[in-house]
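Accompanying notes for the structure given below.
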Amino acid sequence: MSQRDFRAGGIRYVASEIERMGDSLDLSESVIKQGLRIYHQILEQDIEFARLDDLSALCVYATVRLHQEECGATFREVAAEARIKDSRLQTVSSRILSEAGVPLPPPRPETTLKTTAEELGVSDEIDILLDIVDSLTGRLENLAPTTIAASTIFAGQYLSECSYDVTQSEVSNVVGPTEVTIRNEYTKILKQVYQETEYTIEKHRFEDTEHGISVLKTECSLPPGVVTETEAVLEAHTELVAGNGSTEAGVCAAVLEANQRVDDGRPDLSVDDLTDVVHVTNRTINEYRRTLR
């Protein structure tokens, strides 16, 4: 076979693969045609590539990103359909599309939510989750869109308006970010929900001590004296929330200690009152209180 015949055969193969994957991923005809145009743009610039399957996969991935408002396919679904690893698709897409001058819009967290909701069993709450993401616009710009989507899904189960349960592992496996990333970021989502929306958080998680004091001040009607004393207790006992400690338990222990120290206008506050508001057990709070004695 001549080099010319080989190249012609390769061109036909990649074009047929783009059409096959487009059909399997339920892409519209116009979206598939966009993928073919990207393919020809790459060929015209004589950009080097190692495998034909890489080329067909990145063309489909690029057109899905360009039409993400109407396409339901995820990055992982494209890679699976192309029979290549996620990491390889990411690498070849970044290099070849950059060389070809094909700019891709950033992925939107709303798109990720819509495409992963059914697999994670949160379809009934998708409107609530989309509303939360909308309220986050411009507030968490340092987070990747997939991180926002994953953290929002995990945080959503703490709302009274949502009735699903998911683990960090389940969300990570479907959406992409690591469990550590989700664990570190979802409290930021809850903080924004608490401050910026009308949704009710059934059991709070605290992003930091300031957030925790703010939540308990509102939910438990803490007077200014108790708030001030709580801040003093936390400042004097940094071990309550330092390192791998529980911010929730540490702040709750500090509030109970502060409430005992204030003489005037203090509320009748018990450990049970706090566990009704915060996602932490009586036992954990009491363990933290013992460090103050």
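The table below lists the values:
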{"quantity": "Electrostatic dipole magnitude of the range 41-95 [Cβ: Lys, Arg +1; Asp, Glu -1; Cα centre; debye, to 20]", "calculated": "280"}
{"quantity": "Cα-based helix-to-principal-axis angle, 29-44 vs the chain, degrees rounded to 10", "calculated": "70"}
{"quantity": "The range 120-128 - phi-based ³J(HN,Hα) in whole Hz, Karplus 6.51/-1.76/1.60, Gly and Pro as x", "calculated": "8, x, 10, 4, 5, 9, 4, 5, 5"}
{"quantity": "Positive dipole terminus of the range 126-258, leading residue within 237, 129, 150 (C-beta point charges)", "calculated": "150"}
{"quantity": "Shape of the range 129-204, Cα gyration tensor, a/c cut at 1.5", "calculated": "oblate"}
{"quantity": "Rounded, prolate or oblate (a/c below 1.5 giving rounded, otherwise prolate when a/b exceeds b/c) for the range 47-100 by Cα gyration tensor", "calculated": "oblate"}
{"quantity": "Per-bin percent of Cα-Cα distances, the chain [10 Å]", "calculated": "6, 24, 23, 18, 12, 10, 6, 2, 0, 0"}
{"quantity": "The range 126-165, accessible surface, carbon-and-sulfur percent (1.4 angstrom probe)", "calculated": "41"}
{"quantity": "Residue-averaged 222 nm ellipticity for the chain, from DSSP H runs of 4+ at -39500 (n - 2.57), nearest 500", "calculated": "-20500 deg cm²/dmol"}
{"quantity": "Amide H within-cut-off set for residue 159, under 5 Å, with H built and near neighbours excluded", "calculated": "202"}
{"quantity": "Average accessible surface area per residue within the range 185-289, 1.4 Å rolling probe, Å²", "calculated": "49"}
{"quantity": "Exposure ranking of 203, 114, 85 by accessible area [1.4 Å probe, largest first]", "calculated": "85, 114, 203"}
{"quantity": "Electrostatic dipole magnitude of the chain [Cβ: Lys, Arg +1; Asp, Glu -1; Cα centre; debye, to 20]", "calculated": "1180"}
{"quantity": "Inter-probe distance in nm under a simple model that places probes 7 Å from Cα toward Cβ, at residue 24 and residue 12", "calculated": "2.1"}
{"quantity": "Karplus-derived HN-Hα couplings along the range 215-231 (A = 6.51, B = -1.76, C = 1.60, θ = phi - 60°), whole Hz, x at Gly and Pro", "calculated": "5, 5, 4, 6, 6, 10, 6, 6, x, x, x, 5, 4, 4, 5, 4, 4"}
{"quantity": "For the range 1-103, with +1 on Lys and Arg beta carbons and -1 on Asp and Glu, the positive-most of 79, 47, 14 along the dipole", "calculated": "47"}
{"quantity": "Reachable lysines from residue 114, criterion Cα separation under 30 angstrom, eight or more residues apart if same chain", "calculated": "33, 85, 188, 191, 203"}
{"quantity": "Residues whose placed amide H lies under 5 Å from that of residue 278, excluding near-sequence neighbours", "calculated": "204"}
{"quantity": "Centre separation in Å (Cα based) which lies between the range 58-88 and the range 142-220", "calculated": "28"}
{"quantity": "Karplus 3J(HN,Hα) series, Hz, for the range 87-97 with 6.51 cos²θ - 1.76 cosθ + 1.60 (x for Gly, Pro)", "calculated": "5, 5, 4, 4, 5, 5, 5, 4, 6, 5, 5"}
{"quantity": "Point-charge dipole on Cβ atoms (K/R +1, D/E -1) for the range 148-293, about Cα centre, debye to 20", "calculated": "340"}
{"quantity": "Pairs of alpha carbons in the range 10-101 whose separation is greater than 15 Å (percent)", "calculated": "51"}
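The values are calculated or read from the model by the stated rules, or taken from the named source; none is laboratory data. Model, not experiment: these values are computed from the prediction. As a convention, Cβ positions derive from the backbone with ideal geometry for all residues, glycine included, and neighbour counts pool all protein chains shown. Heads up: the accessible areas ignore ligands, DNA and RNA and are worked out on the full protein's heavy atoms, side chains in. Shrake-Rupley method; radii C 1.70, N 1.55, O 1.52, S 1.80 Å.
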